[in-house]
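Below is one structure, written out as structure tokens; comments come after it.
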Amino acid sequence: MVDLDSEVPPLPPRYRFRDLLLGDQGWQSDDRVQVEFYMNENTFKERLKLFFIKNQRSSLRIRLFNFSLKLLSCFLYIIRVLLDDPTQGLACKELNRRCSNQNYTPGAIDWSPIIWVNRSLPLWGLQVSVALISLFETLLLSYLSYKGNIWEQILRIPFLLEIINAVPFIITIFWPALRNLFIPVFLNCWLAKHALENMINDLHRAIQRTQSAMFNQVLILISTLLCLIFTCICGIQHLERAGNRLTLFDSLYFCIVTFSTVGFGDVTPKIWPSKLLVVIMICVALVVLPIQFEQLAYLWMERQKSGGNYSRHRAQTEKHVVLCVSSLKIDLLMDFLNEFYAHPRLQDYYVVILCPTEMDAQVRRVLQIPMWSQRVIYLQGSALKDQDLLRAKMDDAEACFILSSRCEVDRTAADHQTILRAWAVKDFAPNCPLYVQILKPENKFHIKFADHVVCEEEFKYAMLALNCICPATSTLITLLVHTSRGQESQQSSEQWQKMYGRCSGNEVHHINLEESTFFAEYEGKSFTYASFHAHKKFGVCLIGVRKEDNKNILLNPGPRYIMSSTDTCFYINITKEENSAFKKQEKHRKKHESKLSYHGTSRLPVHSIIASMGTVAIDLQDTGCRTSSGPTLALPSEGGREGRRPSIAPVLEVADSSSLQTCDLLSDQSEDETTPSDEEASAGLEYVKGYPPYSPYIGSSPTFCHLLHEKVPFCCLRLDKGCQHNYYEDAKAYGFKNKLIIVAAETAGNGLYNFIVPLRAYYRPKKELNPIVLLLDNPLDDLLRCGVTFAANMVVVDKESTMSAEEDYMADAKTIVNVQTLFRLFSSLSIITELTHPANMRFMQFRAKDCYSLALSKLEKKEREKGSNLAFMFRLPFAAGRVFSISMLDTLLYQSFVKGYMISITRLLLGLDTTPGSGFLCSVKITEEDLWIRTYARLYQKLCSSTGDIPIGVYRTESQKLTTSESQISISVEEWEDTKDTKEQISYRNNHRNSTSSDQSDHPLLRRKSMQWARRLSRRVPRHTGKTAEKINQQRMNLYRRSERQELAELVKNRMKHLGLSPAGYDEMNDHENTLSYILINPSPDTRLELNDIVYLIRPDPLAYVPNTAPSRKDSFCNTVGQDTREETQL
């Protein structure tokens, strides 16, 4: 091998680093040679090619110069025609002489006017100069673009036209007699068209813009049409020099009339050459123009599919938002548009949709509606391409909404696409606010830079969890985040629909305290005082505040919080304060004061309170705290005061320490927390409060909750299998004190963390914690083993594997049928589920023959025709909180563009986030002992004055006389035998046999197959007399008179007996189909409380008011009663 060290000499010592940078004198005498490198070959031809062709800017200048020369030549031709007089000159005189000759035949053509023209010397000089320059440029460009085939260069049409128009002028330089020879210079218009096309291409390259095919095609079509007309004009005018001697204007008139197929006939060619030219031009037009129009139409259709561009001028003068989706469906589009344009200040905004797929037919029809066609622009493109983001003018957009495709089979892959879109938009437009929807919580930390993020599984599992302890929380949240005016079903004849529809219009609004008419007078007062009196006076519900120097929102910070002028107030009302008018009615107020002067047992005056109306006075009564047994309102009872009526204390402007200690929320649990019961000690359950030691995914909000003192072994988590620690194989054997919550899911995903944490939050009493059973598969045997017969709630999570279907709305088919099966087997079981599409909620608890459900279906259609965004709200399962669709929360993301606080408030209500000092959502039930409160206004006062809770709504359950459905029919055989004789039985059977109905559900009592079996049995078995025949007859009657409910009950009982389970719990399950439930958000103060009403409360944070020395509950309660004796107002 060759030694490299010997081949390459070392660097001399004088070439130090400083010398290499600064240089030295020894470099001049060195033997080294500096070499220059070129991007292209350093030949004369390559340099010319670089200047004329390769360099965009210089090539553009050359094209522009060439285009100008061609236009100049055409202009000089027009000048020559205008200056030329056919009646002058030798040729014309000879023509006149021949025409005056008697022997002249009209059909003969004198070619001299066609061959020879009058051309002045200056004009000839200009045309020769232009021809020389054009010919030289053409030959030079042909030489530079020569690639070995000379005939390819010569036979090109532009080259041939250039030779025809330039070479004759050069010949006239050397042969002066030919200076008046006719040369078709007007054909340079086609060379000008060719130069224009090249110039546009170079222009796009020079300014670094994407070439617009639509613009080029329109330009080619227009230029082709102009060239055809100009060629025909000049050709007809010149040929008719030997005929009608038409002027340029007459020739223009003739061409327009001919090409427009009008054909007046007043101007026509006289000689056959001109007629031949017209035929040729018409044939060329019939061939060339349809091709151009076809290409233009094709590009127009493609542009309609891709959407074109959103102009920079519009982006700078108008406001627009960009919606990025992977596939656009009509439901998603309408939800976005209806919610986005529901706000008055967004009416002037434009929506630019950026989607990689072609526009759907339904979406196309909707976007052609004038209301949307003027405000919605559809662009087909990808958010990962800067060119498409530039088309959408993302850098000038007010916001960008990025939505995930929840119908994908692989939801993780859908999240990955969303993450890439968010990154691409942030890289292209760093200042554009991002509103991102993500599906999986473990992917959320990738887009923490986004301004607003909604994680679907977080909200879904949190709402499912709160539905178990606060009924219909999902319905409450859905109604709060939808924009509505509360006009739904106001023409209905049913009172519950009117109240439910009116209260559904309540939303969360915000306003600064110092600018507010609602809350300005409460500056320096406690939060509970401001909330109560604002509701008392204006009918608004103050739920939270935010300090000026703090970004965190505090829901019900409690009575210790003092309102400041710089605070931002968050309240629930139908409309915001800026859209309210305030009318004070003095007469109305005096009537109320006169009525309230009497303190007897009469009924409280009815206050018809709505937002922006007069004030209301309310009786003040003594304090009464809750009992520690559960979330109910309790009557204050004391030995020496049992004869006194209960009372409600006034809400203090500034809370004192004694009242706070008496109603300290931790004191309700003090005995329960400090001294565990004997049952808990025997079971080995020792609870502590703390943060979960492990987080299932990055970005989860830490929540203070109840934890076991020691971690349970993994083997003990299997409920249906025993282990070395216990031998239990079903839920009944565990002996749970509280009812179960069963979660039927496909997999145990990370989203279940957000289901468990709200149910184990630190502010939930330990004795109210429900055991949670995770059921990954739900056959009947597993349902019975996990204790479905004594479960409080069963949560059915939408299966991810079924979310993708050939038909979009079939994604919920499996979930709906499974829930319907559970509903038929366990009719009284509280089943809570989530669907992909809101329209499928009508199939929950489906009854084909239920007339009331059919009436609600008609009501839903009427509300949808009126343009309501909440047409589905009157479906009984949704109103009762049994079902919801996570797609309803898409409006939460849309509403955040106007109300940036909505996501934070929703997360606080659901327990996804915990802010120190912020309250939490809970509920209390109205019992018979609480009916003395009577109205919602008095309840508001009692809660604010005692526990500091803020009520925000009521969940009401009413009895409803529904039409008997197939699942409600249950007939006793014994009663039948007591009331019917044998003749009626025979008649009934005959009627059954003659029935023509083929649908078994029409007659659930008549079982055709059972009757056939019974008849076959009667034929085979010999007839018996006496008791045997009577017994067989009774069995047959019992067989075909069984209802569907009885058959299902017998099936379940048999399976329970087979599994060794007691069917006693199943016998106690009653059917509650004759009830309906609904929500009243922020009802009017005069709303009457009813038995079993559940009141939604925002309770203050218990950790915010822990006293240093907390007295016992009984002593503090007695002291409170004694202090408030003087301020009592007895009812």
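Key figures for this structure:
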{"quantity": "Length gained when the stretch S959-F264 is fully extended (0.36 nm per residue, less Cα-Cα span)", "calculated": "241.7 nm"}
{"quantity": "Residue-normalised accessible area of segment 416-528, expressed per residue, 1.4 Å probe, Å²", "calculated": "33"}
{"quantity": "Relative contact order [Cα under 8 Å, 6+ residues apart], segment 370-433, whole percent", "calculated": "40"}
{"quantity": "Loop trypsin sites (Lys or Arg not before Pro), segment 497-582, which have at most 12 other Cβ atoms in a 10 Å radius of their Cβ (DSSP)", "calculated": "K551"}
{"quantity": "Most to least accessible of D388, D396 (protein chains only, probe 1.4 Å)", "calculated": "D396, D388"}
{"quantity": "Sites Y691 and A1029, calculated FRET efficiency, Cβ-Cβ separation with R0 60 Å, nearest 0.05", "calculated": "0.20"}
{"quantity": "Sites A177 and T247 - FRET efficiency at Förster radius 35 Å, r taken between beta-carbons, to 0.05", "calculated": "0.75"}
{"quantity": "Zero-based 10 Å bins, Cα pair distances in segment 296-444, whole percents", "calculated": "11, 42, 37, 9, 0"}
{"quantity": "Solvent-accessible area, 1.4 Å probe, carbon plus sulfur percent, for segment 255-305", "calculated": "71"}
{"quantity": "Solvent-accessible area of E514 with every protein chain in place, 1.4 Å probe, in Å² to the nearest 10", "calculated": "120"}
{"quantity": "Approximate spin-label separation Q316-K737, in nm, with each point projected 7 Å along Cα-to-Cβ", "calculated": "7.3"}
{"quantity": "Cα principal axis extents for segment 277-362, largest first, Å", "calculated": "65, 29, 18"}
{"quantity": "Coarse-grained scattering of segment 822-931 at q = 0.10, 0.11, 0.17 Å⁻¹, given as base-10 log I(q)/I(0) from a Debye sum over alpha-carbon atoms", "calculated": "-0.45, -0.54, -1.05"}
{"quantity": "Distance (nanometres) between label positions extended 7 Å along Cα→Cβ at I291 and W423", "calculated": "4.7"}
{"quantity": "Per residue solvent-accessible surface (Å²) - segment 239-297, probe of 1.4 Å", "calculated": "59"}
{"quantity": "For segment 724-833, accessible area per residue (1.4 Å probe, heavy atoms of protein chains only), Å²", "calculated": "41"}
{"quantity": "Loop chymotrypsin sites (Phe, Trp or Tyr not before Pro), segment 425-478 (other Cβ atoms within 10 Å of the site Cβ: 15 or fewer; DSSP)", "calculated": "F449"}
{"quantity": "Extension gain from D410 to F215, taking 0.36 nm per residue of separation minus the Cα-Cα distance", "calculated": "66.1 nm"}
{"quantity": "Carbon and sulfur %, accessible surface of segment 473-588 computed with the full protein complex present, 1.4 Å", "calculated": "43"}
{"quantity": "Reference-scaled alpha-carbon Rg (2.2 N^0.38 Å with N residues) for segment 408-511", "calculated": "1.44"}
{"quantity": "Rounded FRET efficiency, nearest 0.05, which uses the C-beta distance separating L854 from A748 and R0 of 51 Å", "calculated": "0.80"}
{"quantity": "Share of carbon and sulfur in the accessible heavy-atom surface of segment 373-448 [1.4 Å probe, %]", "calculated": "49"}
{"quantity": "Rel. contact order, % - alpha carbon contacts under 8 angstrom, at least six apart, segment 416-535", "calculated": "14"}
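The values are calculated or read from the model by the stated rules, or taken from the named source; none is laboratory data. This one's a predicted model, so the numbers in the text were calculated from it and none came from an experiment. Positions of Cβ are backbone-derived with ideal geometry, glycine not excepted, and every protein chain shown enters the neighbour counts. Just the protein is used for accessible areas: all its heavy atoms, side chains included, with ligands, DNA and RNA removed. Shrake-Rupley method; radii C 1.70, N 1.55, O 1.52, S 1.80 Å.
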